[in-house]
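Asker: Shown below is the structure under consideration.
Every number here is computed from the coordinates shown, using simple stated rules; none is lab data. These numbers were taken from a predicted model, which means no experiment stands behind them. Cβ placement follows ideal geometry from the backbone for every residue including glycine, while neighbour counts extend to all protein chains displayed.
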Amino acid sequence: MAATENERSRLDDAARAGWLYFIAGHTQDEIAKMLQVSRASAQRLVSLCLAERLITFRLEHPIAACMELASQLKGRFHLSHCEVVPTDPAAPLSTAGIAERCANVLEATLRSETPVIVALGTGRAVRAAVERVSPIERPNHQIVSLVGNISADGSASFFDTVGRLADRTGARHYPMPLPFLMSSEDERNRMVRIDPIAKVKAVAAKADLRLIGIGQMDQKAQIHVDGFVTREELFEMMRLGAVGEITGWAYDAKGRLIKGGTNRRLTSIPPQMPAETTTIAAAIGQAKVAAIRAALAGRLINGLITDEATARAVLA
């Protein structure tokens, strides 16, 4: 089974290299940098693409359509990073595909010998990505949370990711030990100024990579389903025009943060506007299309990992 999966992964890499070389027109040096491999490995992948007849007149591999969609998204929304994975017809909302690509981004970042800072949001895709990261000793790296991870009843979020990634890397980690929402804006302002929280915010401000999820703002919004906001709080944000949220920060259809509601009491670190740090969102599903499109329009993110069906809907 492992050999089959390894072979499939190798062919996927060969298909990517072939598309980048024969269709996108990149040099082998450029491909090596994009795929985080040596030039010799890039050359072998291109050769494998030809040998396996993945490319003839055009790329004969499902990944080709995905890479074309990624190229369109990247061009239209000026993204620094974009990946599109095939949609699983049997489980269209499965996060397995995007989690694997997110894990690849994390591993590429964490392989650096130079100290790096990785900032993480919460969510199922981010959590699944962290679970796929291969253990690597990087005690000089830092992992920091962007989100207060305590819900209204005092319980910690099941989807907290910072401690888990620290376990896999030996990196120093900085959780955000605050309730997701405070009782008032004044209380929130006092709490985020206390020394330990201010230090977490300072580390996050220097992050080399932000990996986050995107949530829709409807009756099935994950922040409500997971108990972080009440039904009344959710409906208030919807009345104020919220279509999506990133680390709890609700925004409207143009990607502008909502000036009211739960945003006044939220302890999470706000998104950069526009995103300057590499900020990659992982999200799939028709329900999230409006939220993804708004985050792209407002430049709350400069990277996206999604699936083919969602990509087509965002571009439509």
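Asker: Treating the beta-carbon of each Lys and Arg as +1 and of each Asp and Glu as -1, no other charges, what is the dipole magnitude of region 65-315 about its Cα centre, to the nearest 20 debye? If you can, show how the numbers build up before the last one.
Answerer: Working: 30 positive and 26 negative charges, 110 e Å.
Result for region 65-315 is approximately 520 debye, rounded to the nearest 20.
Asker: Would region 184-316 count as rounded, prolate or oblate if I go by the C-alpha gyration tensor, calling it rounded below 1.5 in a/c and otherwise prolate when a/b exceeds b/c, oblate otherwise?
Answerer: Because a/c hits 1.5 or more and a/b fails to exceed b/c, region 184-316 counts as oblate.
Asker: Using the Karplus curve 6.51 cos²θ - 1.76 cosθ + 1.60 with θ = phi - 60°, work out ³J(HN,Hα) for each residue of region 36-51 in order, rounded to whole Hz, and write x for Gly and Pro.
Answerer: 6, 10, 6, 4, 5, 5, 4, 5, 5, 5, 5, 5, 5, 4, 6, 4
Asker: Using +1 at the C-beta of Lys and Arg and -1 at the C-beta of Asp and Glu, which of Thr27, Ala297, Ala171 has the Cα lying farthest in the positive direction of the dipole of the chain?
Answerer: Ala297
Asker: Which residues make up the longest stretch of the chain that has no GluC sites (Glu not before Pro) in a DSSP loop with at most 12 other Cβ atoms within 10 Å?
Answerer: Values: sites that count: Glu113, Glu137, Glu276.
Longest run free of exposed loop sites: 138-275.
Asker: A follow-up question, please. Please list, in chain and number order, the residues 5+ apart from Arg172 or on another chain whose amide H is under 5 Å from its amide H, with Hs placed from the backbone.
Answerer: Long-range HN contacts for Arg172: His141, Ile143.
Asker: Continuing with this model, one more query. Can you work out ³J(HN,Hα) from phi for every residue in region 181-187, in order, using Karplus 6.51 cos²θ - 1.76 cosθ + 1.60 and θ = phi - 60°, giving whole Hz and x for Gly and Pro?
Answerer: Couplings: 10, 9, 6, 8, 5, 4, 5 Hz.
Asker: Then there's this: Could you check which residue among Ile214, Ile136, Ile98 shows the biggest mean-square fluctuation in a GNM of the chain with a 10 Å Cα cutoff?
Answerer: Ile136
Asker: Under 8 Å for C-alpha pairs, at least 6 residues apart: give me the relative contact order for region 65-315, rounded to a whole percent.
Answerer: Working: 534 pairs, mean separation 58.4, N = 251.
After rounding, I find 23 percent.
Asker: If each residue of separation counts as 0.36 nm, what is the full-extension length gain between Asp195 and Ala40 once their alpha-carbon separation is subtracted? Write out the running numbers ahead of the final one.
Answerer: Numbers: separation 155, 0.36 × 155 = 55.80 nm, distance 4.93 nm.
Length gained between Asp195 and Ala40: 50.9 nm.
Asker: Follow-up question, since we're still on this one. Kindly put Arg239, Arg210, Arg312, Arg265 in sequence by how many other C-beta atoms sit within 10 Å of each C-beta, fewest to most.
Answerer: Values: Arg239 10, Arg210 27, Arg312 16, Arg265 20.
Ranked by crowding around the Cβ, least crowded first: Arg239, Arg312, Arg265, Arg210.
Asker: Take Lys220 and Asp186, extend 7 Å from each Cα along the Cα→Cβ direction, and tell me the distance between the two endpoints in nm.
Answerer: Result: 4.1 nm between the two label points.
Asker: Could you go through region 67-81 in sequence order and give the Karplus-derived ³J(HN,Hα) for each residue, using 6.51 cos²θ - 1.76 cosθ + 1.60 with θ = phi - 60°, rounded to whole Hz, and x for Gly and Pro?
Answerer: Values, residue by residue: 5, 5, 5, 4, 5, 5, 4, 4, x, 5, 10, 6, 8, 8, 8 Hz.
Asker: Same structure again: Given the rule -39500 (n - 2.57) for each run of at least 4 DSSP H residues, summed and divided by the residues of the chain, what is its mean residue ellipticity at 222 nm, to the nearest 500 deg cm²/dmol?
Answerer: Numbers: 13 runs with 135 residues, N = 316.
After summing the helix terms and dividing by the residues of the chain, the value is -12500 deg cm²/dmol.
Asker: Right, something else. Report, by chain and number, residues whose modeled amide H sits under 5 Å from the one on Leu178, excluding near sequence neighbours (fewer than 5 apart, same chain).
Answerer: Those lying under 5 Å, H to H, from Leu178 are Asn149, Ile150.
Asker: So, one more: Working out 0.36 nm times the residue gap between Arg10 and Leu50, then minus their Cα-Cα distance, what length gain in nm do you get to one decimal? Don't jump to the answer; show the numbers that get you there.
Answerer: On the way: separation 40, 0.36 × 40 = 14.40 nm, distance 1.33 nm.
Full-extension gain reported as 13.1 nm.
Asker: Which pairs break 23 Å Cα to Cα here: Lys33/Lys74; Lys199/Lys288; Lys74/Lys206; Lys74/Lys288; Lys33/Lys254? Please report the intermediate quantities before stating the final value.
Answerer: Working: Lys33/Lys74 17 Å; Lys199/Lys288 33 Å; Lys74/Lys206 25 Å; Lys74/Lys288 18 Å; Lys33/Lys254 34 Å.
Result: Lys199/Lys288; Lys74/Lys206; Lys33/Lys254 exceed 23 Å.
Asker: Let me know the shape class of region 65-315, please: from the alpha-carbon gyration tensor, a ≥ b ≥ c as square roots of the eigenvalues, rounded when a/c is under 1.5, otherwise prolate if a/b is greater than b/c, or oblate.
Answerer: On the way: a/c = 1.59, a/b = 1.07, b/c = 1.48.
Oblate, because a/c is 1.5 or more while a/b does not exceed b/c.
Asker: Taking amide hydrogens as modeled 1.01 Å from N in the peptide plane, which residues meet the under 5 Å criterion relative to Gly227, leaving out close sequence neighbours?
Answerer: Distant-sequence amide H within range of Gly227: zero hits.
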